[in-house]
Amino acid sequence: MTASSSATPPRQQGLRLGYGTNGFANHRLPDALAVIADLGYDGVALTVDHPHLDPFAPAATLAAETAALRRRLDDLGLAVVVETGARYVLDPWRKHEPNLVSATAEGRARRVDLLHRAVRVAADLGAEAVSFWSGTAPAGTTPAEGWERLVGGVRAVLDEAERHGVVCAFEPEPGMFVDTLATAVELRRRLGDPASLRLTLDIGHCVCNEPESLVACVHAAGPLLANVQLDDMMPGVHEHLEFGEGRVDLPAALGALLDVGYGGLAAVELPRHSHAAPAVARRSLEALTNALRTAVKEREEREEREEEERHVAEGTDER
């Protein structure tokens, strides 16, 4: 490792940091993984897409590439989650289309097929989760129609995931049919709260879109979290920013993740920064390292205060 010694965060706290491969779109995938590992990250959020691992490659090609990728990840000591947010993987003209709430059954089936492929890739990689979202409902879609389409599609994805022993993590996205944690929880309820369906939380979305505070969002999602995305954002603006450029309180976010005992990957999500990927990934890890140290210190100080208050209340203060 050439770059990790100054940036390695306090791993004993259990929070594992990753970086999204959609932020390395101009790199060959093996090279991107090497940079991410060399910087000192613990894992990657792998977006299945044609620049890296094409989910629509011929079956034999995809199987061989997936097997080689698993060996590469193992050699580098990187954990992995699978992301499915490729912009034009299904339609070269329309971003993120078709999706799980599209108007036509054929379109929704194409999205389900993509997610089935992602599930099988995740199983072959030993990935910790597959993350996906609802998509944006076409104009004129009623809430009842949207829920019917979404529940049916997600149920089909869960059937495949359960066959392969893969955890699914559903992400609420600003502007989509399921846009908040509350609606993501409602989706789980409508499906019978299946154990195989958990949540992805993007901390930037908590500032951009959620009615509750960032810390409140983390605590609310905590028991259901299977995947976390890290970035900065401004209120009301769905734009992924480098840390320090928005309103995300990074120490508070990481501290909340520690408080809820989250043990999965928390991966940087900067899909528009590939032009400077190594430098951005380095800066991101430095920011996360500093924030994590601050979060740990604040947590320890809080616990000390609480311990002192308990002793005072019990009349055992020996000062």
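Structure notes:
- As an equivalent ellipsoid, the chain spans semi-axes of 33, 25, 18 angstrom, where each value is the square root of five times an eigenvalue of the C-alpha gyration tensor, largest first.
- Rounded to the nearest 10 degrees, the angle from helix 29-39 to the longest Cα principal axis of the chain is 0 degrees.
- With the whole protein complex present, residue 206 retains an accessible surface near 0 Å², based on a 1.4 Å probe.
- Distance histogram for the stretch 133-284 (every C-alpha pair counted, 5 angstrom bins, percent rounded to whole numbers): 2, 9, 18, 20, 19, 16, 10, 5, 1, 0
- Under conditions of 25 °C and 0.890 mPa s, the stretch 62-138 yields 182 µm² s⁻¹ as its translational diffusion coefficient, taking Rh as the Kirkwood radius over Cα pairs in the Stokes-Einstein equation.
- In the context of the full set of protein chains, the stretch 158-254 has a per residue accessible area of 38 Å² (1.4 Å probe).
- Label zone at residue 65 (point 7 Å along Cα-to-Cβ), backbone N below 18 Å, the stretch 11-40: 21-34
- Fraction of accessible area attributable to carbon and sulfur, the chain (%, probe 1.4 Å): 49
- R0 of 45 Å, Cβ-Cβ distance residue 113-residue 297: FRET efficiency to nearest 0.05: 0.40
- Normalised by the number of residues in the chain, the average gap of Cα pairs under 8 Å and 6 or more apart makes the relative contact order 19 percent.
- Taken along its three principal axes, the alpha carbon spread of the stretch 244-289 comes to 35, 23, 17 Å, from the longest extent down to the shortest.
- The distance separating the Cα centre of the stretch 76-153 from that of the stretch 233-256 comes to 25 Å.
- As computed over the stretch 130-191, the Cα convex hull volume per residue (Å³): 74
- Debye-sum result for the stretch 104-166 in log10 I(q)/I(0), which assumes one identical scatterer on each alpha carbon, at q = 0.12, 0.17, 0.26, 0.27 Å⁻¹: -0.32, -0.59, -1.10, -1.16
- Distance histogram for the stretch 76-204 (every C-alpha pair counted, 5 angstrom bins, percent rounded to whole numbers): 2, 11, 22, 25, 22, 13, 4, 1, 0, 0
The values are calculated or read from the model by the stated rules, or taken from the named source; none is laboratory data. Predicted model only: the values in this text are computed from it and were never measured. Positions of Cβ are backbone-derived with ideal geometry, glycine not excepted, and every protein chain shown enters the neighbour counts. Areas reflect the complete protein model, heavy atoms only, side chains present, ligands, DNA and RNA absent. Shrake-Rupley method; radii C 1.70, N 1.55, O 1.52, S 1.80 Å.
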